[in-house]
1. Not counting ligands, DNA or RNA, and with a 1.4 Å probe, what is Cys128's accessible surface area in Å² rounded to the nearest 10?
2. Size of the dipole of the stretch 35-131 about the Cα centre, Lys and Arg at +1 and Asp and Glu at -1 on the beta carbon, nothing else charged, in debye to 20?
3. In Å², and per residue, what accessible area does the stretch 60-145 have when probed at 1.4 Å with the other protein chains present?
4. Students often get this wrong, so check it: of Lys68/Lys96; Lys57/Lys85; Lys58/Lys85; Lys57/Lys101, which have C-alpha atoms separated by over 24 Å?
5. Please give the contour-minus-distance gain from Glu38 to Val97: 0.36 nm per residue of separation, less the Cα-Cα distance, rounded to one decimal in nm.
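The values are calculated or read from the model by the stated rules, or taken from the named source; none is laboratory data. What you see is a predicted model, and the numbers here were worked out from it, not measured in a lab. When we count neighbours, we look across all protein chains shown, and the Cβ atoms used for this are built from the backbone with ideal geometry, even at glycine. SASA here: full protein model, heavy atoms, side chains in, ligands and nucleic acids out. Shrake-Rupley method; radii C 1.70, N 1.55, O 1.52, S 1.80 Å.
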Amino acid sequence: MRSIAFLFIVFSFISCNNSENLDKKVKVDEEFVFDMYEPSEMTLLMRSMYEVHEELKKEIIAGNTPDKFPKDFLNIYTATLTDDKPKNEIFNAYSKVFIDKEREMFSNSSELPIKQRYNTAINTCISCHSTECVGPITRIEKLLIN
Ligand code: HEC
(Lines give C-alpha, C1' and ligand atoms only; values in the text may rest on other atoms or scores of the structure.)
Protein backbone atom coordinates (compact mmCIF):
# COMPACT_ATOMS: atom_id res chain seq x y z
CA MET A 1 0.00 0.00 0.00
CA ARG A 2 2.67 2.46 0.98
CA SER A 3 4.53 2.06 -2.25
CA ILE A 4 1.37 2.68 -4.22
CA ALA A 5 0.76 5.87 -2.33
CA PHE A 6 4.36 6.84 -2.93
CA LEU A 7 4.06 6.24 -6.67
CA PHE A 8 0.92 8.31 -6.73
CA ILE A 9 2.64 11.20 -5.02
CA VAL A 10 5.62 11.03 -7.35
CA PHE A 11 3.31 10.87 -10.33
CA SER A 12 1.31 13.90 -9.23
CA PHE A 13 4.49 15.75 -8.57
CA ILE A 14 5.76 15.12 -12.05
CA SER A 15 2.50 15.82 -13.78
CA CYS A 16 1.86 19.04 -11.91
CA ASN A 17 3.66 20.58 -9.00
CA ASN A 18 0.84 22.89 -8.20
CA SER A 19 -1.31 21.13 -5.75
CA GLU A 20 -0.63 23.43 -2.84
CA ASN A 21 -0.68 20.67 -0.25
CA LEU A 22 1.81 18.67 -2.21
CA ASP A 23 4.12 21.64 -2.42
CA LYS A 24 3.96 22.07 1.32
CA LYS A 25 4.58 18.40 1.91
CA VAL A 26 7.70 18.45 -0.22
CA LYS A 27 8.88 21.61 1.45
CA VAL A 28 8.45 20.11 4.90
CA ASP A 29 10.09 16.83 3.98
CA GLU A 30 13.10 18.24 2.26
CA GLU A 31 14.33 21.57 3.35
CA PHE A 32 16.77 21.75 0.49
CA VAL A 33 13.94 21.55 -1.99
CA PHE A 34 12.36 24.46 -0.17
CA ASP A 35 15.52 26.52 -0.42
CA MET A 36 16.14 25.72 -4.04
CA TYR A 37 12.58 25.79 -5.27
CA GLU A 38 12.29 28.09 -8.23
CA PRO A 39 8.99 28.41 -10.01
CA SER A 40 9.06 27.46 -13.67
CA GLU A 41 8.50 30.01 -16.44
CA MET A 42 5.06 28.49 -16.93
CA THR A 43 4.21 28.81 -13.24
CA LEU A 44 5.18 32.50 -13.29
CA LEU A 45 3.18 33.07 -16.46
CA MET A 46 0.14 31.33 -14.94
CA ARG A 47 0.35 33.43 -11.78
CA SER A 48 0.48 36.62 -13.79
CA MET A 49 -2.39 35.46 -16.02
CA TYR A 50 -4.38 34.77 -12.88
CA GLU A 51 -3.82 38.32 -11.66
CA VAL A 52 -4.64 39.81 -15.06
CA HIS A 53 -7.96 37.95 -15.06
CA GLU A 54 -8.79 39.10 -11.54
CA GLU A 55 -8.46 42.65 -12.86
CA LEU A 56 -10.42 41.86 -16.02
CA LYS A 57 -13.23 40.41 -13.96
CA LYS A 58 -13.46 43.65 -11.95
CA GLU A 59 -13.36 45.74 -15.12
CA ILE A 60 -16.12 43.74 -16.77
CA ILE A 61 -18.33 43.77 -13.68
CA ALA A 62 -17.82 47.55 -13.58
CA GLY A 63 -19.25 47.70 -17.09
CA ASN A 64 -16.03 48.18 -19.07
CA THR A 65 -15.05 46.24 -22.19
CA PRO A 66 -11.33 45.52 -22.19
CA ASP A 67 -9.92 45.40 -25.71
CA LYS A 68 -6.14 45.05 -25.38
CA PHE A 69 -4.96 41.48 -25.77
CA PRO A 70 -1.98 41.02 -23.39
CA LYS A 71 0.79 39.77 -25.68
CA ASP A 72 2.53 38.10 -22.75
CA PHE A 73 -0.11 35.39 -22.92
CA LEU A 74 1.57 34.16 -26.11
CA ASN A 75 4.44 32.97 -23.92
CA ILE A 76 2.28 29.95 -23.13
CA TYR A 77 3.73 28.50 -26.36
CA THR A 78 7.34 28.84 -25.25
CA ALA A 79 7.46 28.95 -21.43
CA THR A 80 9.16 25.94 -19.92
CA LEU A 81 7.34 23.66 -17.51
CA THR A 82 8.52 22.57 -14.08
CA ASP A 83 11.53 20.25 -14.42
CA ASP A 84 11.54 21.02 -18.14
CA LYS A 85 8.79 18.51 -18.57
CA PRO A 86 8.12 18.21 -22.31
CA LYS A 87 4.81 19.52 -23.59
CA ASN A 88 2.58 16.96 -25.20
CA GLU A 89 0.20 17.53 -28.09
CA ILE A 90 -2.77 17.89 -25.80
CA PHE A 91 -1.05 20.74 -24.02
CA ASN A 92 -0.24 22.45 -27.31
CA ALA A 93 -3.80 22.00 -28.59
CA TYR A 94 -5.27 23.50 -25.40
CA SER A 95 -2.79 26.37 -25.57
CA LYS A 96 -4.03 27.23 -29.03
CA VAL A 97 -7.72 27.08 -28.08
CA PHE A 98 -6.95 29.21 -25.05
CA ILE A 99 -5.16 31.89 -27.09
CA ASP A 100 -7.99 31.91 -29.67
CA LYS A 101 -10.59 32.43 -26.93
CA GLU A 102 -8.51 35.16 -25.31
CA ARG A 103 -8.14 36.97 -28.65
CA GLU A 104 -11.89 36.70 -29.13
CA MET A 105 -12.48 38.21 -25.71
CA PHE A 106 -10.43 41.29 -26.62
CA SER A 107 -11.76 41.54 -30.16
CA ASN A 108 -13.66 44.71 -31.06
CA SER A 109 -15.59 42.95 -33.77
CA SER A 110 -17.18 40.18 -31.69
CA GLU A 111 -20.95 40.29 -31.34
CA LEU A 112 -21.04 38.14 -28.22
CA PRO A 113 -21.41 39.89 -24.86
CA ILE A 114 -18.08 40.49 -23.11
CA LYS A 115 -19.11 38.51 -20.04
CA GLN A 116 -19.79 35.45 -22.16
CA ARG A 117 -16.46 35.77 -24.01
CA TYR A 118 -14.62 36.22 -20.72
CA ASN A 119 -16.24 33.15 -19.16
CA THR A 120 -15.48 31.08 -22.27
CA ALA A 121 -11.81 32.02 -21.92
CA ILE A 122 -11.80 31.05 -18.23
CA ASN A 123 -13.45 27.75 -19.12
CA THR A 124 -10.54 27.00 -21.45
CA CYS A 125 -8.16 27.56 -18.52
CA ILE A 126 -10.24 25.00 -16.64
CA SER A 127 -10.36 22.52 -19.55
CA CYS A 128 -6.60 22.45 -19.86
CA HIS A 129 -6.20 22.15 -16.11
CA SER A 130 -8.56 19.20 -15.94
CA THR A 131 -6.15 17.26 -18.17
CA GLU A 132 -2.81 18.61 -16.97
CA CYS A 133 -2.95 20.07 -13.54
CA VAL A 134 -6.10 19.82 -11.44
CA GLY A 135 -4.72 21.49 -8.28
CA PRO A 136 -5.60 25.11 -9.07
CA ILE A 137 -9.06 24.47 -10.62
CA THR A 138 -11.06 25.62 -7.58
CA ARG A 139 -9.09 28.88 -7.58
CA ILE A 140 -9.60 29.36 -11.30
CA GLU A 141 -13.35 28.81 -10.95
CA LYS A 142 -13.45 31.88 -8.71
CA LEU A 143 -12.51 33.94 -11.76
CA LEU A 144 -15.79 33.10 -13.51
CA ILE A 145 -18.39 35.88 -13.59
CA ASN A 146 -21.77 34.61 -12.40
C1 HEC B 1 -2.66 24.72 -22.09
C2 HEC B 1 -2.88 24.35 -20.71
C3 HEC B 1 -3.16 25.43 -19.69
C4 HEC B 1 -3.96 26.55 -19.83
C5 HEC B 1 -4.76 27.01 -21.05
C6 HEC B 1 -3.92 27.25 -18.56
N7 HEC B 1 -3.10 26.57 -17.69
FE8 HEC B 1 -2.64 27.15 -15.79
N9 HEC B 1 -1.24 25.67 -15.66
C10 HEC B 1 -1.01 24.71 -16.61
C11 HEC B 1 0.11 23.89 -16.21
C12 HEC B 1 0.70 22.71 -16.97
C13 HEC B 1 0.56 24.40 -14.97
C14 HEC B 1 1.77 23.93 -14.16
C15 HEC B 1 3.01 24.70 -14.65
C16 HEC B 1 4.32 24.06 -14.28
O17 HEC B 1 4.34 23.16 -13.46
O18 HEC B 1 5.36 24.49 -14.83
C19 HEC B 1 -0.35 25.50 -14.64
C20 HEC B 1 -0.30 26.24 -13.44
C21 HEC B 1 -1.26 27.17 -13.05
C22 HEC B 1 -1.38 27.77 -11.74
C23 HEC B 1 -0.52 27.45 -10.52
C24 HEC B 1 0.64 28.42 -10.43
C25 HEC B 1 1.41 28.22 -9.12
O26 HEC B 1 1.44 29.18 -8.36
O27 HEC B 1 1.92 27.13 -8.90
C28 HEC B 1 -2.44 28.65 -11.78
C29 HEC B 1 -2.97 29.51 -10.65
C30 HEC B 1 -2.97 28.61 -13.13
N31 HEC B 1 -2.24 27.69 -13.87
C32 HEC B 1 -4.02 29.40 -13.56
C33 HEC B 1 -4.43 29.45 -14.90
C34 HEC B 1 -5.38 30.42 -15.42
C35 HEC B 1 -6.07 31.51 -14.58
C36 HEC B 1 -5.52 30.16 -16.75
C37 HEC B 1 -6.35 30.89 -17.76
C38 HEC B 1 -6.28 32.34 -17.77
C39 HEC B 1 -4.68 29.01 -17.05
N40 HEC B 1 -4.04 28.61 -15.90
C41 HEC B 1 -4.59 28.43 -18.30
C42 HEC B 1 -1.73 24.53 -17.79
C43 HEC B 1 -2.61 25.46 -18.33
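1. 20 Å²
2. 380 debye
3. For the stretch 60-145, the solvent-accessible area averages 59 Å² per residue.
4. Lys57/Lys85; Lys58/Lys85
5. The Glu38-Val97 span can extend by a further 18.4 nm.
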